[in-house]
Amino acid sequence: MIADSPLYQGMRAKLTAHLREKGIFDENVLQAMQTMPRHYFVPFSLIAYAYEDQALPIACQQTISQPYTVAHQSTLLSVKPNMKILEIGTGSGYQSAILKTMGAMVYTIERHRQLYEETKQLFSTLKLNIATKLGDGYAGWAEFAPFDRIIVTCGAATLPEKLLTQLKTGGIMICPVGEKTQEMTKIIKIDDKNFETTTHGDCYFVPMLSKIEHQSH
């Protein structure tokens, strides 16, 4: 791991200013992104691009999301300290780390064994107390439900209904919904049968799949 340095801190400050210009105004989100080094979560060969506002490839044909997307989803979540948040799609671990930096209790599920193992080790190295699970994101994590917030960081063809049953009344789920491209969808749980749904722009994520992958690609 390449240590954090004034150079990287300066690049993060520039990125944070760029995100503000793009309409991210949640100071807790901006502070978390200024604090948490993104280059820890990017493949070594791509570290020069860690603070560009773009998605980058990681292992298992997955991606680390564009910083704007991370900031946008985090803003829509309306995170408050000590909230219990379920993340579907650990990936690089960066989104989990941002939520943890914002004071949340984070539970994250990954279907690729290689990413699960690498990210679990990275969280340990960074002393981030984040609960990780190798599993099917569609099934959620019933053992720790209900959650104050649920964030899905992959594209679901249709809304994952089972996850809504693990959301607290009054809770929020953010999920990209659609086939080839998705709409960033925000669902507020009014009660067990009623939900308020709004959409917040087009996006593109790798597809949400169910089968656990034990091999890297």
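We did not get these values from a lab; they are worked out from the coordinates using the rules stated. What you see is a predicted model, and the numbers here were worked out from it, not measured in a lab. Every residue, glycine as well, gets a Cβ built from its backbone with ideal geometry; the counts of neighbours run over all protein chains shown.
Numerical summary
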| item | result |
| --- | --- |
| Which of Val79, Phe195, Ala55, positive extreme of dipole for the stretch 53-203 (C-beta unit charges) | Val79 |
| Residues with amide H under 5 Å from that of Phe147, placed H, sequence gap 5 or more | Leu167, Lys168 |
| Qualifying chymotrypsin sites (Phe, Trp or Tyr not before Pro) for the stretch 1-51 [loop in DSSP, other Cβ within 10 Å: at most 12] | Phe25 |
| Angle between the chain longest axis and helix 67-77 axis [Cα atoms, degrees, rounded to 10] | 40 degrees |
| Helical mean residue ellipticity (222 nm; -39500 (n - 2.57) per DSSP H run of 4+; nearest 500) of the chain | -8500 deg cm²/dmol |
| DSSP-assigned coil residues among GluC sites (Glu not before Pro) in the stretch 1-100, each with at most 16 further Cβ atoms within 10 Å | Glu52 |
| Phe144 paired with Lys22, simple spin-label distance in nm, labels 7 Å along Cα-to-beta-carbon | 2.8 nm |
| Computed over the stretch 103-151: relative contact order in percent, which uses C-alpha pairs under 8 Å that are six or more apart | 45 percent |
| Global size of the stretch 1-49 as Cα Rg and Dmax, reported in angstrom | 11.3, 32 |
| In nm, spacing of pseudo-spin labels at Thr35 and Glu161 (7 Å Cα→C-beta vector) | 3.9 nm |
| HN-Hα J in Hz across the stretch 181-193 - Karplus 6.51, -1.76, 1.60, θ = phi - 60°, x for Gly and Pro | 10, 10, 9, 5, 10, 10, 10, 9, 7, 6, 7, 4, 10 |
| The chain, relative contact order [Cα under 8 Å, separation at least 6], % | 16 percent |
| Residues of type lysines that Lys127 reaches as a straight line, Cα spacing below 17 Å, ignoring anything fewer than 8 places off in the same chain | Lys100 |
| Within the chain, percent of DSSP bridges classed antiparallel, to nearest 5 | 45 percent |
| Local electrostatic count at Gln66 - Lys and Arg +1, Asp and Glu -1, tallied over other residues with Cβ under 12 Å | 0 |
| Of all DSSP beta bridges in the stretch 105-217, antiparallel share, percent nearest 5 | 55 percent |
| Listed residue (Cys175, Thr90, Ser5) projecting farthest to the positive dipole end of the chain, Cβ model | Ser5 |
| Distance between the stretch 122-142 and the stretch 90-115 - C-alpha centres, whole angstrom | 6 Å |
| Of Lys22/Lys162; Lys80/Lys168; Lys14/Lys180, pairs whose Cα-Cα distance is over 23 Å | Lys22/Lys162; Lys14/Lys180 |
| Longest to shortest principal axis, alpha-carbon extents of the chain, angstrom | 51, 40, 34 |
| Label-to-label distance, nm, for residues given as Thr198 and Leu46 (7 Å Cα→Cβ offset) | 3.2 nm |
| Trypsin sites (Lys or Arg not before Pro) restricted to the stretch 101-138 and DSSP loop, no more than 16 other C-beta within 10 Å | Lys127 |
| Size-normalised alpha-carbon gyration radius of the stretch 1-130, reference 2.2 N^0.38 Å | 0.97 |
| Simple Cβ-charge dipole of the stretch 1-152, Lys/Arg +1 and Asp/Glu -1, about Cα centre, in debye nearest 20 | 160 debye |
| Pairs of alpha carbons in the stretch 83-146 whose separation is greater than 20 Å (percent) | 17 percent |
